[in-house]
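Following: one structure in C-alpha cells, then a few remarks.
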Amino acid sequence: MCLGTKPANYNSDLDLALTPIPDSTFWDIVLWLFRQRQRFQVVGVSMLPSLKPGDEILADLSSYRHSAPAIGDVVVVKLPKQPNMNLVKRVLSVHHSGACFVQGDNRSQSTDSWDFGWVEPHLIVGRVTSRFP
C-alpha cells in the first residue's frame with residue numbers, strides 16, 4: 001500500500017450510505033465517566049453533514065483491539081505525518097492487514113486518505129459511538 005493509492009474495492013459511482021451518529025445515552029455517559037469512552041470535539045467541516053464544528057463525540061478506544069474497523073464506521077485516527085493530531089473520518093475500505101482507507105463525509109473539504117494514504121492500525125484511536133450532549 002503506497003501513499004495516495006486508492007483501495008482496490010473502491011467504487012467511485014457508489015456513495016457510502018451516511019449512517020447517522022446517535023446521541024449519547026445514559027450508558028454512554030456512564031462509560032465516559034468510567035473512562036471507557038474518550039471525548040473529542042469536532043473542529044473542521046470535513047464530516048458535514050454528519051458532524052459539524054463544535055460537536056462533541058465519544059469514542060470507544062478499545063473497539064479495535066481484537067478486530068478491524070468495518071466499512072462505514074466513523075473513527076478517530078491520528079494523522080500519519082502528525083500523530084499528535086486527531087481526525088474524525090469514515091472508513092471506506094479495510095485492507096487485510098487492518099489498515100484503513102478513510103474519508104470525510106464532506107469530501108471537497110476533507111484531508112483524508114486521498115491525501116495521506118492508508119491509516120495503519122496503530123494510528124486508529126477508536127470508533128465514534130455517539131454525539132456527546
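May I ask for log10 I(q)/I(0) of region 81-133 at q = 0.20, 0.27 Å⁻¹, from a Debye sum over the Cα atoms as equal point scatterers with solvent left out?
With no solvent term, the Cα-only Debye profile gives -0.75, -1.24.
Determine the gain in length on full extension of the stretch A70-D55; use 0.36 nm per residue of separation and subtract their C-alpha separation, reporting nm with one decimal.
Extra length from A70 to D55 when fully extended: 3.1 nm.
Which one, (i) 1.12; (ii) 1.00; (iii) 1.62, gives Cα Rg over 2.2 N^0.38 Å as derived from the coordinates shown?
Checking each listed value against the structure points to (ii).
Send over a whole-number figure in Å² for the accessible area per residue of the chain, probe 1.4 Å.
Computed with neighbouring chains in place, this is 58 Å² per residue.
Show H66, H95, H122 ordered by accessible area, largest first, where the area counts protein heavy atoms only and the probe is 1.4 Å.
I get H66, H122, H95, largest accessible area first.
Could you sort K52, K81 by accessible area so the largest value comes first, with the probe set to 1.4 Å?
Sorted descending by solvent-accessible area, the residues read K81, K52.
The values are calculated or read from the model by the stated rules, or taken from the named source; none is laboratory data. Being a predicted model, the structure only gives us computed values, none of them experimental. Ligands, DNA and RNA are stripped out before the accessible areas are found, and what is left, the full protein with its side chains, is counted by its heavy atoms. Shrake-Rupley method; radii C 1.70, N 1.55, O 1.52, S 1.80 Å.
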